[in-house]
Amino acid sequence: MIPRVAAEGLAEWCDVFCETGVSVRKSRRRFLQAGCGTGLKARFHADELDASGGSMVAAAVGARSADHLIFVP
């Protein structure tokens, strides 16, 4: 779905919410790499409830922003 959304200009951003017990770490990175690979800009919502490692993934994929970073490792 991501390549089609990007190709049709339906989105500018690829947002992901990263918290322990809410999303799977491997799927976060895969989702953002797919979005960035089609020209979407990455945004992260992570490490608000605990140190889930989302901020580190955000840095690794070059996210434009990372919000809610209360528990940054």
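The values are calculated or read from the model by the stated rules, or taken from the named source; none is laboratory data. A quick note: this is a predicted structure, and the numbers were derived from the prediction, not measured. The area values use the complete protein model at the heavy-atom level, side chains included, leaving out ligands, DNA and RNA. Shrake-Rupley method; radii C 1.70, N 1.55, O 1.52, S 1.80 Å.
Roll a 1.4 angstrom probe over the protein heavy atoms and tell me the percent of accessible area of the chain that is carbon or sulfur.
Numbers: 2550 of 4480 Å².
Ligands and nucleic acids excluded, carbon and sulfur give 57 percent.
Antiparallel versus total DSSP beta bridges in the chain: what percent is that, nearest 5?
About 0 percent, rounded to the nearest 5.
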If we restrict to alpha carbons, what Rg and Dmax does the chain come to, in Å?
11.9, 37
Rounded to the nearest 500, what is the chain's calculated 222 nm mean residue ellipticity when only DSSP H runs of at least 4 contribute -39500 (n - 2.57) each, over all residues?
-10500 deg cm²/dmol
Length gained when the stretch Val5-Arg25 is fully extended (0.36 nm per residue, less Cα-Cα span)
4.9 nm
Probe 1.4 Å, heavy atoms of protein chains only: per residue, the accessible area of the chain in Å² is 61
